[in-house]
Amino acid sequence: MEELTGSRLLRSCLRRARGRLGLGMGASFVRQLAFLALPFILGRAVQEVIAEGNHDRLAAYLLVLAAVVVVEYVGLCGWMAWSNLAEARLAAQLREQMLSAVLQVDAEELDSRSQGYGDLLSRAVDDVDTVLVWVHGLATWVVIGTTVVVLVPALAAIDPVLLAVALGCAVALAAVNIVLPARFRRRVGAFARAQGARARSVEEMTAAHTALRGVGGEGVLIERHLARSAEVTHRIMAVARIRSLWTASGDAVPQVGIAVGLAVGGLAALTGRIDVGQLTTFALWMGTVQLATNAIVLRLGDYGAARVSADRIAEVLALAPRTSGPSATPPSGPVRLDLEDLAVNEAAPVRLALGPGEWGLLTGPTGAGKSTMLRAVAGMAPHRGRARWRGTALAELAADTRFDQVALVPQSPLLLHGTVRENLHLAAGPLAHAAPSDEELRDACRVAGFEPVLERLPDGLDTVVGERGSTLSGGERQRLALARALLRRTPVLLLDDVTSALDTATEQLVLDRLRTATADTVVLWTGHRDAVRARADHVVDLGVVARG
């Protein structure tokens, strides 16, 4: 499978939006024909009605002008409507793809392969918007092409010298657009990277400020943020300088062309080589030439920025594991989780089989790969061997189908800024027919040992837990995340040392309730707590496996 690059992503965008883009381009063609017809009709009206005194022709010209204006308006509406629809549909598709890719990688893997959540947000918003600007502007190339095809022969028919003036403007603009675009793209890329780094520093400040304040570390975060903000300022100024030079050149060249053209056209009118109406048409058309050349500058700039943004979007999409033909069909074989020589990094392979109601434990020293192994079971980390659920390799299932079968609770779970209820409702997913009832929420909290915490919270389920659950302790966040996973009722539950922050008494209570609640569930733990080991049906010591 070919590696996804920014160029391939842009081509993919064109394929997906080709229907609506085609309609928008057709409407833009009609609009531009009408727009170019107006100067010609006005020029003829000036010549016949004013210069030659045929006043009886005024009403006819007014009717023709009104009809052309209506056609132009209808074409413009169609152009904008179809282009906006193509842009909106593509925005939804790109952001859905990015979300799907991110959801297949947990926080640890995500941090190692990107610049964190702040940078991902920048890519999902700013970079997608940049691609959409390019897509929306594609119909402008039809407008530009129509202008060239119509005006070249028309200007030649009026006066070849005037055509030479227009072509001279085009050559000068071409020279400008050969030199400046490459420099512009490089500076946009540097700005995008600096902006992503700053977004990460903002995310770090909001997530870790409270924890670091007590040890005096907030100054380091502030200095880092200021340094990255200064870098963003430096980079955006560099982009602004090159963009200003590019835009100024795009404005200056046509203005000079108009001035020269009016001088040449005025002399031609005085000598009788062209009439007043043709001079009027030429002057109006030169304004159109300026609009077209400015549009060329803008569209080339849009493409350069879109290439940079598409590369950044492609990097996010590459986070998702690539398989040939991922299956959306739920497995239907014997109810069993099999680890068949499953291995991560340089660790030794693991073999393990678990049936419904059985608990397995992956234990071993720090750095043995326990957490990575659990993510590999969920298809969220590179691995060798297979993790099969009901005979089907989990990594080969489509993401939605896989996560209908498997729930993973990391040791440091992510909570959103919102209420307890909102965090628990995440388990239902966007396509659920009905959100869990309060009774179901409280029952899951009881099993997970979060019920005593819930009773202490000032607003119960409606208590706001802060950014990443900052108002809760580490053990409370673990229990809330466990309750959220239980609400999903998946047949496989993966728990990454989720009782590590609990005291002994609370841990015993949670494990006893969890054992009863998972009577029909395959549960795979990681950790080294004695209480979990005592209740596990199968224990695999990764340290022993590695030594063996």
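The values are calculated or read from the model by the stated rules, or taken from the named source; none is laboratory data. Please read these numbers as outputs of a predicted model, since none were measured by experiment. FYI the Cβ positions are ideal-geometry reconstructions off the backbone, even for glycines, and counts take in every protein chain you see. Heavy atoms of the whole protein, side chains included, go into the accessibility calculation; ligands, DNA and RNA do not. Shrake-Rupley method; radii C 1.70, N 1.55, O 1.52, S 1.80 Å.
Remarks
- In segment 386-397 there is no residue that is farther than 18 Å from Leu337 by Cα and surrounded by fewer than 18 Cβ atoms within 10 Å (Cβ to Cβ).
- For segment 251-275, a tally of residues being under 16 Å from Ala154 (Cα atoms) and open to solvent by 50 Å² or more (accessible area, probe 1.4 Å) returns 1.
- The residue that is modelled with the lowest pLDDT, among those in segment 347-374 that are within 15 Å of Gln411 (Cα to Cα) and under 35 Å from the mean Cα position of the chain (by Cα), is Gly367.
- Unique match (being without any contact (Cβ under 8 Å) to a residue 60 or more places away in the chain, of a type outside the set (Phe, Trp, Tyr) and closer than 14 Å to Gly301 by Cβ) among Val131, Val152, Val171, Val179: Val179
- Flag for Gln411 being touching a Ser or Thr at 6+ places or on another chain (Cβ under 8 Å), closer than 20 Å to Leu542 by Cβ and surrounded by fewer than 22 Cβ atoms within 10 Å (Cβ to Cβ): yes
- Checklist (1) part of a helix (DSSP H, G or I); (2) among the hydrophobic types (A, V, I, L, M, F, W, C); (3) without any contact (Cβ under 8 Å) to a residue 12 or more places away in the chain applied to Ala435, failing item: (1)
- Scanning segment 118-137 for residues that are in contact with a Ser or Thr (Cβ under 8 Å, 6 or more places away or on another chain), open to solvent by 10 Å² or more (accessible area, probe 1.4 Å) and of a type in the set (A, V, I, L, M, F, W, C) returns a single hit, Leu120.
- Test for Val220: is it at pLDDT 80 or above, open to solvent by 40 Å² or more (accessible area, probe 1.4 Å), among the β-branched types (Val, Ile, Thr) and over 30 Å from Arg186 (Cβ atoms): no
- Filtered residues of segment 495-536 (kept if among the charged types (D, E, K, R) and touching a strand residue (DSSP E or B) at 6+ places or on another chain (Cβ under 8 Å)): Asp496, Asp497, Arg515, Arg533, Arg535
- Only residues that are surrounded by 21 or more Cβ atoms within 10 Å (Cβ to Cβ) and within 27 Å of Gly379 (Cα to Cα) were counted across segment 488-509, and they come to 8.
- Any hit, segment 98-105, residues being open to solvent by less than 70 Å² (accessible area, probe 1.4 Å), under 30 Å from Leu121 (Cα atoms) and of a type in the set (S, T, N, Q): yes
- Test for Gly75: is it on the phi < 0 side of the Ramachandran plot and surrounded by fewer than 18 Cβ atoms within 10 Å (Cβ to Cβ): no
- Subset of segment 280-294 (residues that are farther than 12 Å from Ala170 by Cα, modelled with pLDDT of 80 or more and of a type in the set (A, V, I, L, M)): Leu284
- Residues in segment 354-370 that are open to solvent by less than 60 Å² (accessible area, probe 1.4 Å) and over 15 Å from Pro491 (Cβ atoms): 7 in all.
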